[in-house]
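*Asks:* There's a structure below that I have some questions on.
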Amino acid sequence: MRKVITAILALVLLAPMLLVLGVGMIANPAAHQGAACESESLIVGPIPDELTSETVNGETVTLNRTQLERAASIITGGSSIEGVNQEAVIIALMAALTESTLRQLANTGTYPESGDYEHDGDGADHDSLGLFQMRPQSGWGTVAELMDIDYQAEAFFGGPTGPNYPSPRGLLDIPDWESMERGEVAQAVEVSAHPERYANWEPVALDIIDALIVTDTGGDGTPADPDIPETGRLVFPLPEGTYVWTSGFGWRSDPFTGVRTFHSGTDLAAPDGTPILAIADGIVVDAGMVGGTSGQITIEHTIDGKKVATRYIHMWSHGIHVSGGDRVQAGDHIGDVGSSGYSTGPHLHLQIHPGGANGEPVDPEPWLAAHDLETGVPPEEPAPGGMCL
């Protein structure tokens with residue numbers, strides 16, 4: 001009985017802290033699993049009819065349009081999953097190149113029914129199927145699921161929202177994967193009898209990225225898009241007096257695991273439902289739930305003659321008030337503060353991307369200050385409140 005009373009008293013004393021830090025975890029049961037705060041938007045441009053590249057071993061490889069379309073499916077599928085960035089996509093391409101040379105393979109010898117689905121050829125490696133040669137007998141999925149390219153990509157990337165979670169492990173389930181060699185990560189997912197094969201395809205994967213992903217974001221000092229006029233004014237993204245700075249840009253300890261990770265934005269804790277305002281005039285590039293779990297809005301602007309994107313993350317689905325293609329003006333109410341995705345509580349995760357949506361993020365705090373938008377000084381130590389990885 002004494003233990004029960006002690007436990008009750010502990011819960012009573014800790015309740016206020018749990019209410020502040022735990023709202024996001026209650027609403028998001030997968031939050032503690034370590035997914036990254038956001039995905040990386042990777043935009044696929046026109047797909048060429050073929051691409052010729054060379055492996056590390058000096059073998060010349062020519063990929064046809066169908067193979068490049070399979071690569072594009074991996075890229076676009078991955079960029080919609082929370083925590084997947086370009087590095088993760090490169091590793092996925094290396095794995096698919098190694099396992100199938102980017103062909104969706106049936107296996108009619110083991111599963112005759114696999115030939116009834118869209119495929120690019122017939123394989124015969126045990127009971128393996130598809131781009132990543134995943135095996136139903138190893139728990140990756142059914143024949144019908146593994147003959148679905150989008151399903152295979154989701155399974156390879158894995159993570160808390162992956163269809164195979166928690167086993168077999170996908171890329172996002174590999175501890176500290178970003179510090180490993182690319183080939184090692186591919187092997188950790190594929191568990192191949194020939195682990196050395198994946199690194200051989202790395203230059204081909206990089207050439208695919210160069211060929212398919214749109215990277216010209218117009219950061220040359222002139223307006224990158226004539227359809228986005230110079231903004232008339234700039235506005236801080238949250239109303240004055242509604243927020244607290246809780247975590248800044250750069251390396252820090254993950255708020256759940258304590259593992260050292262890179263935080264690509266600034267966190268501003270605010271009450272759930274607090275209006276989020278567009279920083280500048282612009283066009284909405286995307287708006288929706290990334291990976292089905294984290295609300296995100298990306299807007300591109302022309303500021304000081306240059307293309308700049310702002311990204312707002314962690315809204316609930318009902319708290320997103322714009323759609324892709326919408327034109328907004330500085331100060332427009334585009335969303336509401338929420339705690340979706342990998343979050344400890346209601347907050348706005350803000351990112352600034354010079355060069356546009358595909359540009360590398362920079363520290364928002366000096367950027368905001370340089371544009372006279374700093375309405376509160378960030379503390380040296382994070383304040384209690386909503387945070388993300």
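Values in this text are rule-based calculations from the coordinates and carry no lab data. Computed from a prediction, not measured in an experiment: that's the story for all the values here. Here the Cβ is made from the backbone with ideal geometry for all residues, glycine too, and neighbour counts use every protein chain on show.
*Asks:* How far apart, in nm, are the 7 Å Cα→Cβ label points at ARG233 and SER167?
*Replies:* Here the modelled spin labels are 5.9 nm apart.
*Asks:* If Lys and Arg each add +1 and Asp and Glu each add -1, what is the summed charge of the other residues whose beta carbon sits under 13 Å from the beta carbon of GLY345?
*Replies:* Surrounding charge for GLY345 is -2.
*Asks:* Over the residues of segment 47-145, compute the C-alpha Rg and express it relative to 2.2 N^0.38 Å.
*Replies:* Values: Rg = 14.1 Å, N = 99, 2.2 N^0.38 = 12.6 Å.
In units of the globular-protein estimate, segment 47-145 measures up at 1.12.
*Asks:* Let me ask you something else. May I ask for the net charge around ARG135, where only other residues with Cβ less than 15 Å from the Cβ of ARG135 are counted and Lys, Arg are +1 while Asp, Glu are -1?
*Replies:* Details: positive: ARG169; negative: GLU99, ASP125, ASP127, GLU145, GLU190.
Overall, the nearby charge balance is -4.
*Asks:* Taking N as the number of residues in segment 106-222, what value does Rg over Cα atoms divided by 2.2 N^0.38 Å take? Provide the component values of the computation, followed by the final result.
*Replies:* Values: Rg = 16.6 Å, N = 117, 2.2 N^0.38 = 13.4 Å.
Segment 106-222 yields a ratio of 1.23.
*Asks:* What's the local net charge at VAL328, with K and R +1, D and E -1, over the other residues with C-beta under 12 Å away?
*Replies:* Result for the local shell: -3.
*Asks:* Magnitude of the Cβ-charge dipole of segment 311-378, K/R +1 and D/E -1, about the Cα centre, nearest 20 debye? Don't skip to the answer; put the middle values down first.
*Replies:* Values: 2 positive and 8 negative charges, 46 e Å.
That gives segment 311-378 a dipole magnitude of about 220 debye.
*Asks:* Sorted by average packing, counted as other Cβ atoms within 10 angstrom per residue and highest first, what order do 48-57, 254-263, 170-179, 201-210 take? Don't skip to the end; give the middle numbers.
*Replies:* On the way: 48-57: 13.0, 254-263: 15.6, 170-179: 18.3, 201-210: 20.0.
The densest-packed peptide leads the list: 201-210, 170-179, 254-263, 48-57.
*Asks:* Continuing with the same structure: If you place +1 on the Cβ of every Lys and Arg, -1 on the Cβ of every Asp and Glu, and leave all else neutral, what size is the dipole of segment 82-172 about its Cα centre, to the nearest 20 Debye?
*Replies:* Numbers: 3 positive and 14 negative charges, 65 e Å.
It comes to approximately 320 debye.
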